[in-house]
Structures are given as C-alpha cells and as structure tokens.
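Bear in mind these aren't lab numbers, they're just calculated from the coordinates by the rules spelled out. Keep in mind it's a predicted model, so treat the numbers as computed, not measured. All Cβ positions, even for glycine, are placed from backbone atoms using ideal geometry, and neighbour counts span all protein chains on display.
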C-alpha cells in the first residue's frame, strides 16, 4: 500500500479566499436594502443566493490549491 501524498496546510491566501464568502454574507448592513431588485427579487435575497454557487467556486479553488493532483480525493 503506497503512502498517500500529504495535504498541504492552508496558507494566508487560502484563508482569505475562504473568508470572502463568509464576510460577504455576514456583513448584513452592506446588503440590507430592497434596491436594486433583480427579476422582482429584492437585493437582500438575491445577494445571499448569488453567494451559494460563488462559495462553492471559492472552496473548489482552495481545494485545488491544497490537495495534490492524483491523490484520489
């Protein structure tokens, strides 16, 4: 059985990339408005909904940076 390649620790860049989505949805006074609305949906709601797929993108970027290719994970 081969020894799996070690996963690298998170660096400052990875921590920042993971913190961006958290901060974007936790700073409520920034997006606590009704306008601009998108397809009749107030800004408050669509701002949060936009960050659902964006968070996945940020997590995927950090994953690719930390987990070595070919590790099977």
(request) Note the angle between two axes, namely the Cα long axis of helix 12-26 and the longest principal axis of the Cα atoms of the chain, as a number of degrees from 0 to 90, rounded to the nearest 10. (result) 30 degrees
(request) Name the shape class, rounded, prolate or oblate, that the alpha-carbon gyration tensor gives for the stretch 20-59, where a ≥ b ≥ c are the square roots of its eigenvalues, rounded holds for a/c under 1.5, and otherwise prolate holds if a/b is larger than b/c and oblate otherwise. (result) oblate
(request) Please report 9, 64 as a ranked list, fewest other C-beta atoms within 10 angstrom at the top and most at the bottom. (result) 9, 64
